[in-house]
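The values are calculated or read from the model by the stated rules, or taken from the named source; none is laboratory data. Treat the numbers as computed from the prediction; the structure is a model and nothing was measured. Glycine gets a Cβ as well: all are built from the backbone with ideal geometry, and neighbour counts include every protein chain shown. Side chains included, ligands, DNA and RNA excluded: accessible areas come from the protein's heavy atoms. Shrake-Rupley method; radii C 1.70, N 1.55, O 1.52, S 1.80 Å.
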Amino acid sequence: MGQTLFDKIWDAHVVSSNEGFPDILYIDTHFIHEVTSPQAFDGLRQRGLPVFRPKQTVATADHNVPTWNQHLPIKEELSRYQVDMLTKNCAEFGIELYGLGHPFQGIVHVIGPELGITRPGGTYVCGDSHTSTHGAFGAIAFGIGTSQVEQVMATQCLLQQRPKRMKIEVNGKLQKGVGAKDIILYIIAQISAAGGTGYAVEYAGDTIRSLSMEGRMTICNMSIEMGARCGLIAPDETTINYVKGREFAPKGEEWDKAVAYWKTLYSDDDAAFDSVLSFRAEDIEPMITYGTNPGMGIGVTQHVPETASFEAKEQGSYKKALEYMGLHDDEQLLGKPIDYVFIGSCTNSRIEDLRQVAEFVKGKHKADNVTVWVVPGSKQVQEQAIREGLDKVFDAAGFPLREPGCSACLGMNEDKIPAGKYCVSTSNRNFEGRQGPNSRTFLASPLTAAASAITGKVTDIREFLKEKELV
Amino acid sequence: MATKIFKHIQTSVVPLPIENIDTDQIIPARFLKATTREGFGNNLFRDWRFDGNDNPKADFVLNNPNFGGKILVAGKNFGCGSSREHAAWARADYGFDAVVSSFFADIFKGNALNNGLLPVQVSEDFLKKIFDAVFADEHAVIEIDLVDQFIKIVATGEQESFEVNPYKKACMTNGYDDIDYILSKKELITEFETSK
Ligand code: SF4
């Protein structure tokens with residue numbers, strides 16, 4: 001009987017396996033950031049333990065940092081305190097920190113891949129649920145809680161129950177204007193925000209294969225939004241070409257050895273999955289969410305469902321969500337005026353996202369009623385964008401390019417969407433208050449967000465593409 | 001490091017019959033800035049409990065003096081969303097020892113168990129029975145026994161068994177944690193590293 005990709009990687013990292021007990025899984029790289037690490041460092045101090053493998057621990061400041069004037073001291077006292085704590089803790093425990101001002105600083109799930117730290121066949125964890133992003137390389141990567149952060153710091157291992165395996169296939173040709181973000185929002189809308197709970201999800205099929213690494217990261221990033229433990233995609237030439245030559249990628253003989261191993265990483269034809277789902281690329285429209293969990297998504301031309309279409313016991317929660325969003329039964333989002341557009345987050349803040357948006361907005365200008373924030377995922381993305389002159393295109397369009405960080409994805413810094421305002425956002429969560437107290441989020445792709453910024457209302461990107469062949 | 005020993009509790013409960021309660025409701029992100037594990041209880045369900053001027057909202061259950069106890073009972077898919085363990089600390093800090101729901105999000109369940117907070121997953125039916133019992137009598141008492149793995153509505157004697165990972169059960173009933181366990185296997189880790 002063949003093995004799944006997931007099982008191959010898992011088995012290669014099991015330190016110890018005992019009946020009735022979770023496996024002890026070896027972690028290749030542990031990413032840490034300022035928000036979920038301080039209590040873990042405290043725990044180590046209380047136990048009198050060092051960080052077991054500081055060289056396999058990588059730190060950055062992202063969740064809480066300002067995205068404007070990063071060279072100045074952080075104004076918000078608590079944010080400054082958390083960032084200072086991280087600096088102090090990393091120095092004390094011998095961990096490399098890509099903090100503010102460092103050329104490698106950025107959102108943890110953007111910098112791991114771009115530095116060549118994330119590689120096929122590896123195991124990666126971080127105290128942040130979107131760690132699933134790194135699975136795009138054909139790796140096992142998932143978010144952990146702070147107690148587990150402490151556990152990995154103390155032992156470079158994690159106690160884990162092997163999850164079940166699910167395969168999600170997408171085959172066929174995407175419509176113009178539909179991209180990776182639409183695919184994953186569509187899948188989550190089909191199977192619900194809990195549809196993947198307990199599973200490691202492997203994405204497969206020719207549509208997935210045709211995506212760039214950045215598109216694959218967008219897909220794996222949102223695995224957690226369907227409740228999955230992690231998401232992964234088998235490595236191929238696209239993956240290998242992406243990793244090659246990056247800062248920390250293996251070099252010379254090491255590289256050849258690594259590539260030979262990576263080529264063995266795929267699910268065997270007769271591998272058994274606990275669940276298999278398939279979707280057709282042709283069915284996917286540009287997507288947008290209307291509710292308060294990422295499963296509440298529709299094609300941009302569709303109408304919000306009627307309360308009566310839900311089972312009686314779900315109607316209360318549904319009504320509450322619509323009320324929060326200021327929407328009503330059967331409303332069409334298309335044409336609804338919006339107030340903010342946020343292009344950023346570990347889902348969509350990489351250079352390809354920025355290029356795509358810049359190409360689209362070139363020669364256009366945002367609507368007066370909309371405030372636009374473009375927040376690059378990392379210092380390197382920001383620099384690259386400037387080298388390519390994208391910042392000038394953005395400026396001319398009224399889309400100022402800010403500095404890297406999580407920003408309005410979770411509104412921990414000052415980038416908050418005000419109460420009651422609508423934001424078309426390329427991030428990954430539309431929970432109540434996620435982007436600021438009482439803010440209202442419509443999740444969408446970078447293209448849909450950019451088009452909506454130009455018109456000032458929720459827009460079907462395909463309308464623009466009819467005029468001009470683009471993308 | 002020794003953690004709290006949990007074997008059995010019997011208490012009144014706090015009902016929250018809402019589905020898909022996500023971690024941003026349990027503890028909004030703006031309260032994640034603390035660097036210790038204490039004090040999060042005050043901000044548990046912050047935006048449901050308090051209005052924009054920090055005044056308690058009278059209609060929210062935690063502000064209703066008639067309800068109280070060590071067990072939180074919530075609707076399906078509790079704890080979905082982020083990996084923030086603060087959600088588990090907030091509830092433990094507030095004084096809950098167990099959460100009952102008909103379905104838990106994955107990461108949340110793990111975080112809860114790691115913090116001496118027992119997630120008890122019951123059937124939809126039994127969950128409804130608990131809500132009915134509590135709304136009929138605010139002081140209705142629920143018993144949770146981790147050793148024999150059952151949950152019981154004391155007044156009616158109705159009970160249901162629940163699943164718990166045998167390893168986590170051993171940890172909670174003995175008061176030891178994951179790091180103690182892994183460190184007892186340290187040689188295996190270094191052996192693994194050299195064999196790679
Ligand atoms: S961008 Fe958002 S989802 Fe991604 S790591 Fe930051 S806070 Fe988490």
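For A:ASP128, the solvent-accessible surface with a 1.4 Å probe is about 20 Å², rounded to the nearest 10. If one takes the accessible area of chain B alone plus chain A alone and subtracts that of the pair, with a 1.4 Å probe, what total in Å², rounded to the nearest 100, results? So the buried area, both faces added, is about 4800 Å². Size descriptors for the range A:358-434 (Cα atoms only): Rg and Dmax, in that order, 13.2, 38 Å. Overall size of chain B from C-alpha positions, given as principal axis extents largest first: 61, 43, 25 Å. Split the accessible area of the protein assembly as shown by element, probe 1.4 Å, and carbon with sulfur accounts for 50%. Ranking B:ALA88, B:ILE130, B:PHE67 by Cα position along the charge dipole of the range B:40-140, where only Lys, Arg, Asp and Glu carry charges on their C-beta atoms, puts B:ALA88 farthest toward the positive end. Between A:ARG47 and A:THR87, the modelled labels are 2.8 nm apart [label points 7 Å from Cα along Cα→Cβ].
By the helix-only formula, in which each DSSP H run with n ≥ 4 contributes -39500 (n - 2.57) and the sum is divided by residues, chain A has a 222 nm mean residue ellipticity of -9500 deg cm²/dmol. Amide H to amide H, with H built 1.01 Å from N, A:GLY106 comes under 5 Å of A:ALA61, A:LYS379, counting only residues 5 or more places away or on other chains. Within 10 Å of the Cβ of each residue in A:137-148, the mean number of Cβ atoms contributed by other protein chains is 5. Applying 1/(1 + (r/R0)^6) with R0 = 41 Å to the Cβ-Cβ distance of A:GLU169 and B:LYS185 gives a FRET efficiency near 0.60.
Here, the range A:87-229 is characterised by an Rg to Rh ratio of 1.00, where Rg is the alpha-carbon radius of gyration and Rh the Kirkwood radius. Between B:ASP51 and A:ARG387, the FRET efficiency from the beta-carbon distance, with R0 = 60 Å, is close to 0.80.
For the range A:80-138, the mean projected area of the C-alpha convex hull, equal to one quarter of the hull surface, is 4.6 nm². Amide H contacts of B:VAL73 (H built 1.01 Å from N, in plane; Pro and chain starts excluded): B:VAL14, B:LEU16, B:VAL100 sit under 5 Å, all sequence-distant by 5 or more or on other chains. Only one residue of A:THR197, A:SER275, A:GLY344 has its Cα farthest out toward the positive end of the dipole of chain A, where Lys and Arg carry +1 and Asp and Glu -1 on Cβ, and that residue is A:GLY344. Packing-based ranking of A:211-219, A:130-138 yields A:130-138, A:211-219, ordered from highest to lowest mean Cβ neighbour count within 10 Å.
For the range A:208-262, the alpha carbon positions stretch 40, 22, 20 Å along the principal axes, listed from largest to smallest.
Spatial offset of the range A:71-117 relative to the range A:8-31 amounts to 28 Å, using the alpha carbon center of each.
The phi-based Karplus calculation (6.51 cos²θ - 1.76 cosθ + 1.60; θ = phi - 60°) puts the 3J(HN,Hα) values of the range B:11-21 at 7, 6, 10, 10, x, 9, x, 10, 8, 6, 6 Hz, whole numbers, x for Gly and Pro. Inter-chain neighbour count for A:15-26: the average number of beta-carbon atoms from partner chains within 10 Å of each residue's beta-carbon is 4.
Computed with a 1.4 Å probe over protein heavy atoms only, the accessible surface of the protein assembly as shown comes to 36 Å² per residue.
Karplus-derived 3J(HN,Hα) values for the range A:35-41, using 6.51 cos²θ - 1.76 cosθ + 1.60 with θ = phi - 60°, are 8, 9, 9, x, 5, 5, 4 Hz; glycine and proline are entered as x. If only the Cβ of Lys and Arg carry +1 and only the Cβ of Asp and Glu carry -1, the dipole of chain A around its Cα centre is close to 540 debye.
Modelled label positions at A:PHE21 and A:SER210, each set 7 Å beyond Cα in the direction of Cβ, lie 4.9 nm from each other.
Calculated mean residue ellipticity at 222 nm for chain B: -8500 deg cm²/dmol, from DSSP H runs with n ≥ 4 weighted as -39500 (n - 2.57), summed, divided by the residue count and rounded to 500.
Here's how it looks for A:VAL372: its modeled amide H is under 5 Å from those of A:VAL341, which are all 5 or more places away or on a different chain. Remark on the range A:71-90: accessible area falls by at least 30 square angstrom from chain-alone to full-complex state for A:LEU78, A:GLN82, probe 1.4 angstrom. Counting only Cα atoms, the size of the range A:337-471 along its three principal axes is 38, 33, 22 Å, in decreasing order. Charge dipole (Cα centre; +1 on Lys/Arg Cβ, -1 on Asp/Glu Cβ; no other charges) of the range B:1-74 amounts to roughly 420 debye.
Couplings 3J(HN,Hα) of the range B:177-183, computed from phi: 10, 4, 5, 4, 5, 5, 5 Hz, in residue order, whole Hz [Karplus 6.51 cos²θ - 1.76 cosθ + 1.60, θ = phi - 60°; x for Gly and Pro]. DSSP bridge analysis restricted to the range A:1-142 gives an antiparallel fraction near 15%, rounded to the nearest 5.
Relative to its Kirkwood radius, the Cα radius of gyration of the range A:292-374 gives an Rg/Rh of 1.06. Taking the centroid of alpha carbons for each part, the range A:123-167 and the range B:86-130 are 21 Å apart. The alpha-carbon positions of chain A define a convex hull whose volume is 153 Å³ per residue. Of all DSSP bridge pairs formed entirely within chain B, close to 50 percent run antiparallel.
Is the C-alpha gyration tensor of the range B:51-136 telling us rounded, prolate or oblate? Criteria: a/c under 1.5 is rounded; beyond that, a/b larger than b/c is prolate, otherwise oblate. Verdict is oblate for the range B:51-136.
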